[in-house]
1. Give the accessible area for B:Asp379 in Å² (nearest 10); use a 1.4 Å probe, count only protein heavy atoms, and leave out ligands, DNA and RNA.
2. If you count only protein heavy atoms and use a 1.4 Å probe, how large is the accessible surface of B:Tyr38, to the nearest 10 Å²?
3. Under a Cβ-only charge scheme (Lys and Arg +1, Asp and Glu -1), can you give me the dipole magnitude of segment A:116-245 about the Cα centre, in debye to the nearest 20?
4. How charged is the neighbourhood of B:Ala145? Take every other residue with its Cβ under 11 Å from the Cβ of B:Ala145, and add Lys/Arg as +1 and Asp/Glu as -1.
5. Go through B:Val171, A:Gly183, C:Val134 and say which Cα lies farthest out towards the positive end of the charge dipole of the protein assembly as shown; charges sit on Cβ, +1 for Lys and Arg, -1 for Asp and Glu.
6. With every protein chain left in place and a probe of 1.4 Å, what is the accessible surface of B:Thr150, to the nearest 10 Å²?
7. Taking the Cα centre of segment B:68-292 as origin and charging only Cβ (+1 Lys, Arg; -1 Asp, Glu), how large is the dipole, in debye to the nearest 20?
8. Please list, in chain and number order, the residues 5+ apart from A:Phe42 or on another chain whose amide H is under 5 Å from its amide H, with Hs placed from the backbone.
Amino acid sequence: QEVTLTVHHFLSAKAVNHAEMIEPWAERITEASDGRIAFEIFPSMSMGGAPPELFQQVRDGVADIIWTVLGYTPGVFPHAEVFNLPSVHTGSALVTNLAIQDLMDGPLAADFEDVHPLLVHVHAGQALHTTDVAVRSIADVQGLKLRVPSRSGTWMIEAMGAEPVGMPVPEVPQALSQGVLDGAFIPFEVALPLRVIDIAKHHTELAGGHRFGTTTFLLAMNKDRYESLPEDLRAIIDAHSGEALAREAGRVWDAVEPRVIAMAEARGNEVIYLDDAASAPFLDAFAETEARWLEEMAAKGIDGEALLAAAKAAVARHDHERPTP
Amino acid sequence: MDERALVGAAGFLLLFVLIALRIPVALAMVLVGIGGNYALSIVAPFLRFEPYLAQFKTLTWSVVSNYALSVVPLFILMGYLASHANLSRDLFQGMNVLVGRLRGGVAMAAVMACAGFGAVCGSSLATASTMGRVALPELRRLNYADGLATGALAAGGTLGILIPPSVALVVYAIVVEASVVEMFQAAILPGVIAVALFVAVIALRVRLNPALAQPAPPPDAAARRRALRRLVPVLAIFSGIILGLGLGLFTPTPAAAVGVFAVLVYGVILKVRTGEGLGVREIGDAIRDTAVTAGMIGFILFGAEVLKGFFARSGLPATLADWAASGAAEPWTVLVLVLVGLIVLGCFMDSLSMILVVVPFLFPVLLELNGGDWVTAADAAYGMGAEDLKIWFGILALVVVELGLITPPVGLNVFIIRAVSPGVRMGTIFRGVLPFFGVELGRVVLLVLLPGLALWLPHSL
Amino acid sequence: MIRAAALRDRVLAPLAAGLAVYGGLVLFVITAITMVNVAGFTLDALAEPFGGRVSGLSGYEEVVALLIGGATLAFLPWCQLRRGHVVVDLFTRRLPARAVDAIDRLALALTAVLALGLAVSMAWGMARMRADGVVTGVLSWPEWPFWSPGVVALALWGSVAAVMAVAPPAPADDPAGPPPHG
Ligand code: NA
Ligand code: NA
């Protein structure tokens, strides 16, 4: 082969992102380039450092490619964080992924100037997993200690009248079982490997496909490394990334969720689907979260209104591609 | 093995050469890590060296700024506060009032005090040296045989690492991504068994040879009352922390902070009321001692992180795990070899650096031999799932690593006890330690054959 | 040599001890924050049956992580001065004293290079954190100011090691021999 690219990320080699997204993507590129591009994937932060450093590492070329959570470096991606907002993401990873691609060359471009972004994408969305309290209305979450998924997640929890607790996701199961947390906002596909479906007894989802926000991920390549490649190889990488990969990732993530919900129900857990009336106060809290986000954007000199409108419009535009359950 | 894995293996050997040449362990880890990455960039140019160096802009901070690890300096501070407040002495004298009148009872009291103090302090060497200074003068005054006295203390020192809280357990749990609290729970029963076995060894030896220990004259009533009065708060604080952690009432960092607070408040009250306890000077001394130990651990953790980046890039751990998964090795043979290797390493390396250097290699190998991440207990080579394997192997590894501290012909704990017992020959201490070494070996065999000893508590709590 | 020893004892040692005490005070601050937090959780558990809720401190874990980083690095200069780093001396006991001394000085010089290199790297990293505007997840505090004690500590650690390489202090005065952890 001509080039070997290193890929670094923080989950294990068995995680969905590694086994069902990054690995197949790398294989497709290797094949399309007749083996001229090879990949070496380093899972579990094995090249060194902690997850918040991944973005720094790809900028410096410590790894050629990284996969990370934008929220691990809060404040660094002010525009793309719009897709974390619970009022923007409507419950399909595929739909939101495609919406993000529409904005990549527009309002989101500023966030990723220092790298060559290959894919910005989301998971299907946070559900609320609780241990003792079955959440059937917003009254049930008052004062609960809930793990924050992201910075706007902190505001969302505060707006709901609950108490935000920050901790790395691997510590969630222990905190739940010891009562340090009453519940956590995490997606179902993370609840499985973390054994959260064995500890939490109740899982709450909103009506109409609304979610308690989602998490935005970045797959990015070092800029110099990308530009040092011959043009035909760059073209091959780009053809397999961006929108093509957004579809694939959306499909993979959307498909995981029903599997895990079925497993939770098989364990005798209660999966609560709130009706419109019970969901409404949560949506009000989401509106409050959105307002707070807009305030912060204004303080940063970013036109949050325009960005939010563009994000919502893009999500609406792709809504027809939502997978039917 | 390809070229990169060979570079990795060469780095591994070089690490031990540097350590044997008296280069500080942490420094050796960093040197091999950075030098190894340079070598890799020559064999495999896509692993570029200059961008690698950019990692150090953030690596230092990410190693030390870690919530899970914050428990380590806090427990160390608690241990030194307790030590400077003379709680180690109170513990020994209180135990002595309880069991001292039995034949061999003062040595038993020393072993029990070692267990209690080691529980809080978490370092075998510090426990041996502290309790040696507290208990040896008393044992000699009462004409205990040197071999029995020094042997009991050298062996007693090793109890601390297993009884929670333990710094080494925390570090192991973080390395293999196990639950710290489950590790603590798993360590309780094997720790209690060790104390019981050591006490039994003393009882048996003085029964076979009554000349080894004279029964101590009973202390007068006033001294008795005073010792018991001092013992109660110490036991309350120490057992409160151990129970709070074991029952999962506290997570580790809050438990450690509450421990610091409790020892500090008690020590200050003691100072105000009796003049001995924690004053400004003692607190200052405790902080400076904490700085030495916590700084040492911080540097080793940093070295381990640098080393990890080198080994991962070399592909050596993956190569070993693939070999294990290929079915070429017999799982139980490998386990026994691993344990023997750890005992040998334990003779001259401290447990923390050993855990950080070798466990990242060994654990994935054992995991693959066992049948991988998702194996069920019924199909697993060691008869347990991956989560249980983490816990069981961790307990085994810590026990054998500590065993190395009292293994003839070299053992760090024996050297420490020698340093605080002038006039006693090294050979006398090693002969005195031998029976304890024997029951420790027995405990390892027991743990290997009956994993339930470690796994029962975490399963049922 | 004499001036190096004076620099070591009159300037660097007090600075290192001061930083160590700073680190210790940080540990006490963490203890205090934890006590407030634990009190919050405890009151919460007590108040719960009566429908009351008392909150813990939000962002507790974040604050602990930010503080402990600086404290751990602040311990390093004093640790170096007290020769606290683990050394295996079993295999070099038969070597002539001059050889051992040469190895020790080499190790100290390498430590100095490493620590000063890390200080410079970390200062760059801190500047990058500041330029990026990285904040914490719950409290939205900027991260970079918490790095500064670390940068100072690494620089002092490097200086201590460098001066010790030129003028090694006499073995520790503790009659029991080993440093507190052994
Ligand atoms: Na301990
Ligand atoms: Na030994």
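The values are calculated or read from the model by the stated rules, or taken from the named source; none is laboratory data. The structure presented is a predicted model; accordingly, all values stated were derived computationally and were not measured. Neighbour counts run over all protein chains shown; Cβ positions are idealised from the backbone, glycine included. With ligands, DNA and RNA removed, areas are computed over all heavy atoms of the protein, side chains included. Shrake-Rupley method; radii C 1.70, N 1.55, O 1.52, S 1.80 Å.
1. 120 Å²
2. 120 Å²
3. Values: 10 positive and 15 negative charges, 60 e Å.
Approximately 280 debye in magnitude.
4. On the way: positive: B:Arg140, B:Arg205, B:Arg431; negative: B:Asp146.
Combined, the nearby Lys, Arg, Asp and Glu give +2.
5. After comparing all options, I get B:Val171.
6. Accessible area, nearest 10 Å²: 0 Å².
7. Values: 17 positive and 10 negative charges, 182 e Å.
The dipole of segment B:68-292 has a size of about 880 debye.
8. A:Val7, A:His8, A:His9
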